[in-house]
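Undergrad: The structure under discussion is supplied below as structure tokens; questions concerning it will follow.
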Amino acid sequence: MATSIVLIDDHKLFREGIKRILEFEQGFEVVAEAGDGSEAIDTIKEHQPDIVLMDINMPDVNGVEATRQIVDQYNDLKVIILSIHDDESYVTHALKSGALGYMLKEMDTEELVNAIKIVSQGGSYIHPKVTHNLLREYRRLSGETSDNSNVAFEYIEYRKPLHLLTRRECEVLQLMTDGRSNRGISEDLYISEKTVKNHVSNILQKMNVNDRTQAVVTAIKEGWVQVR
């Protein structure tokens, strides 16, 4: 069965663009749209979708509050926030409201599709650029609050995980931590996006994690990458 999606955004032109993208993807179906948070609650009640793509800035009821209300009513509902803000405070509020994904509106088609697939399967997905900002802030706070500076992230000895990954995979993992998308990584390393996707898939498998965010968090904790 197709993954049913409700699209909530107060800009009709943006909704139409996202809908057109998803119509070309096998296994997705946009079953309804809404233009604000209040309308979203009624629309979700009527259609009971698998995924909600929710704009964070809307009149009347904003995306964070709407997410909080619908997640309280429907525990199995999976929400991905769409936003122009990459500041960690917006992300934190969105995740606390019950959202499982946070995407910047500058996302490309591949990132959007990947996010929906991961979240629909019970995982979480945060835009690579946002992940980098979150981890950088977490590292800063860890350095400030740790009673023992030897265990703060900024004092962890940096070492490549050559026991686990190839040198090229180490480079890809570092660029993932830097917040680079697959396209950005391909441009930086002068390789195709398909090759990047293969490297990312190999990294997730070797590290035994489900998504890019988990891979980056694990890599930082292990001291395998630098948060720059």
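The values are calculated or read from the model by the stated rules, or taken from the named source; none is laboratory data. Everything quoted here is computed from the prediction, not taken from an experiment. Cβ placement follows ideal geometry from the backbone for every residue including glycine, while neighbour counts extend to all protein chains displayed. All accessible areas refer to the heavy atoms of the entire protein, side chains included, with ligands and DNA or RNA removed. Shrake-Rupley method; radii C 1.70, N 1.55, O 1.52, S 1.80 Å.
Undergrad: What accessible area per residue, rounded to a whole number of Å², is obtained for the chain using a probe radius of 1.4 Å?
TA: For the chain, the solvent-accessible area averages 52 Å² per residue.
Undergrad: Something else now. Here are a few candidate values for Cα Rg over 2.2 N^0.38 Å: (1) 1.07; (2) 1.01; (3) 1.13. Which one was actually calculated from the structure I just gave you?
TA: (1)
Undergrad: Using label points projected 7 Å from each Cα along Cα→Cβ, tell me how many nm separate ASN133 and GLN214, to one decimal.
TA: A separation of 2.5 nm, rounded to one decimal place.
Undergrad: Tell me, what HN-Hα J-couplings in whole Hz come from the Karplus equation 6.51 cos²θ - 1.76 cosθ + 1.60 at θ = phi - 60° for each residue of region 45-61, using x for Gly and Pro?
TA: Going residue by residue, I get 4, 6, 9, 6, x, 7, 10, 10, 9, 10, 5, 7, 10, 9, x, 6, 10 Hz, with x marking Gly and Pro.
Undergrad: Please turn the phi angles of region 214-220 into ³J(HN,Hα) values with the Karplus equation 6.51 cos²θ - 1.76 cosθ + 1.60 (θ = phi - 60°), one per residue in order, whole Hz, x for glycine and proline.
TA: So the J values, rounded to whole Hz, are 4, 4, 5, 4, 4, 4, 5.
Undergrad: So, one more: What pairs from LYS117/LYS206; LYS12/LYS96; LYS78/LYS129; LYS105/LYS160; LYS19/LYS96 go past 25 Å between their alpha carbons?
TA: Pairs exceeding the cut-off: LYS12/LYS96; LYS105/LYS160; LYS19/LYS96.
Undergrad: Relative to the longest principal Cα axis of the chain, at what angle does helix 128-145 sit, 0 to 90 degrees, rounded to 10?
TA: So the helix axis and the longest Cα principal axis differ by about 60 degrees.
Undergrad: Another question, if that's okay. Using a 7 Å offset from the Cα along the Cα-to-Cβ direction at both MET1 and GLN73, what is the distance between the two label points in nm, to one decimal?
TA: My value for the distance between the label points is 2.0 nm.
Undergrad: Would you mind checking which residues have amide H under 5 Å from ILE126's amide H? H placed 1.01 Å from N; only 5 or more apart, or other chain.
TA: TYR102, THR213
Undergrad: Also: Report the calculated FRET efficiency for THR92 and HIS11 (r = Cβ-Cβ distance, R0 = 35 Å), to the nearest 0.05.
TA: That gives a FRET efficiency of 0.90.
Undergrad: For the pair ILE21/ASP108, report the inter-label distance in nm, with labels modelled 7 Å from Cα in the Cβ direction.
TA: Label at ILE21, label at ASP108, 1.2 nm between them.
Undergrad: Counting only residues 5 or more places away or on other chains, whose amide H sits under 5 Å from the amide H of THR3 once H atoms are built in the peptide plane?
TA: Those lying under 5 Å, H to H, from THR3 are PHE28, GLU29.
Undergrad: Same structure again: Can you work out ³J(HN,Hα) from phi for every residue in region 69-84, in order, using Karplus 6.51 cos²θ - 1.76 cosθ + 1.60 and θ = phi - 60°, giving whole Hz and x for Gly and Pro?
TA: With the stated coefficients, region 69-84 comes to 5, 6, 5, 5, 7, 10, 5, 8, 6, 10, 10, 10, 7, 10, 8, 9 Hz.
Undergrad: Once R0 is set to 22 Å, what does the formula 1/(1 + (r/R0)^6) return for the Cβ-Cβ distance between ARG167 and GLU187, expressed as a FRET efficiency to the nearest 0.05?
TA: That pair, ARG167 with GLU187, gives E of 0.70.
Undergrad: Still on this structure: Can you give me the % of accessible surface on the chain that is carbon or sulfur? Probe 1.4 Å, all protein chains present, nothing else counted.
TA: 45
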